[in-house]
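Report on the following structure.
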Amino acid sequence: MQIRIIFITNFFNSHQKPLSDALYRKADDFHFISVSEQQNLVGRTVEQEPPYASHYYEDRRACDEWIDRANVVILGDVPRSLMVKCTRSKKIVFFYSERPLKNGDERFKFLPRWIKWHLQGRNRANCYLLAASAFAAADFGRFGLFKGRAFKWGYFPELEICDESDAELKAKDPGRIIWCGRLVDWKHPEEALRLAERLHREGIPFRMNIIGDGSCREEFERIIDEKNLRSCVEMTGSVKPEVLHEYMEKAGIFIFTSDRKEGWGAVLNEAMNRGMAAVASDAAGSVPFLIDDGENGLIYHSGDSEALYRNVKSLLEDPGRQRELGEEAYNTIRNLWNAETAAERLLALIRRIQQHQNTDHLYSSGPCSKAESIPEEWYIRSGTSQQEKQSR
């Protein structure tokens, strides 16, 4: 049976393009439809548009025809009418979603959400979840949705391949640390400043780049001057992706401090792809999927500044260990968590579903492996933190 895929979501952006390119090459038919009229069209030209991309608000008739012709639908953020149309068809429908309960247990919203999501048809047997967060399966499971039909997924930035000798990975500055993101509360950039202050106070040599912008930047600049951190901390502001990647290629350590409101966090993919040793919060959506603690990065419990400090200090004092983690991080992205692998695995999963075959053990890890429900305190409950491993 042919696989004719239609991917419908609000915007076509850089995070969707590598996966869409791969599906366009590998599927029997593939089309991408953006549904938001607010899509940023600055700099958009016909030459830049991929041949598979269309805009629902520009040519609704053609888009409806593509939807009707498809037998597999991937749904992101779309209007209810399109969602219901797809779920009530005989198509295989994948909901591509981060965790829906980013703000925690909002009990007053439980019943409205339960009604809304069931009316949209997410409970139907033809509907599956592509969990773009390690916590998505558990969140939706609370509403009786996608039980046994949730698969690990994520975002897949453009893959960067290092040279044969891995010289790029070995030429890093082991004393350089990067934090990157918008300067907003739930990304916790203040943790980077606290870390820098303590490392500086204890005389541990390092350099830190805080990359990104936001309303608290002036306050951060004031703190840097007040704590005499100007010699070791630089606020770079927002930079273009290619410039960010240059920073990552030269630095050894990446700190990822977001809390549960970070649905995924593709910047972690990018840092690992550039061979950085990541020290990452257990609450961010990508971390339980991408990082095996102590093998290709280090994990700490969100908000535990002491654990963040211990992990970073250990990497600064052991450049060899830092390099090993960075190389394994690179291998994780190159060999598993990338658009090509995700597309191939999704097509294999679709074939299994089309043939009414069991999908439970198709893959043991990575994209399209089963997404289990994990608790918020998964890292603490697991009892397998790097510190505990070392103390055994």
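The values are calculated or read from the model by the stated rules, or taken from the named source; none is laboratory data. Everything quoted here is computed from the prediction, not taken from an experiment. Cβ placement follows ideal geometry from the backbone for every residue including glycine, while neighbour counts extend to all protein chains displayed.
What the table shows:
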item	result
Residue in the range 199-211 that is touching a strand residue (DSSP E or B) at 6+ places or on another chain (Cβ under 8 Å) and either among the polar types (S, T, N, Q) or over 22 Å from residue 314 (Cβ atoms) (or both) present	yes
Qualifying residue in the range 101-111 (condition: assigned by TED's automatic domain parsing to the domain that holds residue 321 and at pLDDT 95 or above)	no
Unique match (being closer than 24 Å to residue 171 by Cα and either modelled with pLDDT of 95 or more or not acidic (Asp, Glu) (or both)) among 383, 326	326
Qualifying positions in the range 341-364 - of a type in the set (Lys, Arg) and surrounded by fewer than 16 Cβ atoms within 10 Å (Cβ to Cβ)	351, 352
Matching residues in the range 306-321 - criterion: being surrounded by fewer than 24 Cβ atoms within 10 Å (Cβ to Cβ) and within 27 Å of residue 373 (Cα to Cα)	307
Every residue from the range 110-150 that is of a type in the set (A, V, I, L, M) and part of a helix (DSSP H, G or I)	111, 115, 119, 136, 137, 138
Considering residues of the range 139-158 that are hydrophobic (A, V, I, L, M, F, W, C) and touching a strand residue (DSSP E or B) at 6+ places or on another chain (Cβ under 9 Å) only, the residue surrounded by the most Cβ atoms within 10 Å (Cβ to Cβ)	153
Qualifying residue in the range 242-256 (condition: over 19 Å from residue 207 (Cβ atoms) and not acidic (Asp, Glu))	no
Candidate set: the range 97-109, residues that are in contact with a Lys or Arg (Cβ under 8 Å, 6 or more places away or on another chain) and buried (at least 18 other Cβ atoms within 10 Å of the Cβ); chosen: the one nearest to residue 348 (Cα to Cα)	99
Scan of the range 186-218 for residues that are within 22 Å of the chain's Cα centre (by Cα) and not aliphatic (A, V, I, L, M), ordered by number	186, 187, 188, 189, 190, 191, 209, 212, 213, 214
Candidate set from the range 187-214 (those that are part of a strand (DSSP E or B) and touching an Asp or Glu at 6+ places or on another chain (Cβ under 8 Å)); member that is surrounded by the fewest Cβ atoms within 10 Å (Cβ to Cβ)	207
Candidates 331, 338 - the one that is crowded, with 22+ Cβ neighbours inside 10 Å and among the polar types (S, T, N, Q)	338
Residue match in the range 206-215 (condition: farther than 24 Å from residue 249 by Cβ and not assigned by TED's automatic domain parsing to the domain that holds residue 20)	yes
Residue tally, condition closer than 21 Å to residue 29 by Cβ, small (Gly, Ala, Ser) and touching a residue at least 60 places away in the same chain (Cβ under 8 Å), over the range 339-370	3
Residue within the range 165-176 that is under 15 Å from residue 309 (Cβ atoms), in the same structural domain as residue 272 (by TED's automatic domain parsing), in contact with a Lys or Arg (Cβ under 8 Å, 6 or more places away or on another chain) and surrounded by 21 or more Cβ atoms within 10 Å (Cβ to Cβ) present	no
Candidates 369, 365, 373, filtered to the one that is hydroxyl-bearing (Ser, Thr, Tyr) and either more than 30 Å from residue 3 (Cβ to Cβ) or over 17 Å from the mean Cα position of the chain (by Cα) (or both)	373
1 or more residues surrounded by 13 or more Cβ atoms within 10 Å (Cβ to Cβ), of a type in the set (Val, Ile, Thr) and modelled with pLDDT of 95 or more: qualifying strands (runs of 3 or more DSSP E) within the range 1-96	4-9, 29-34, 72-75
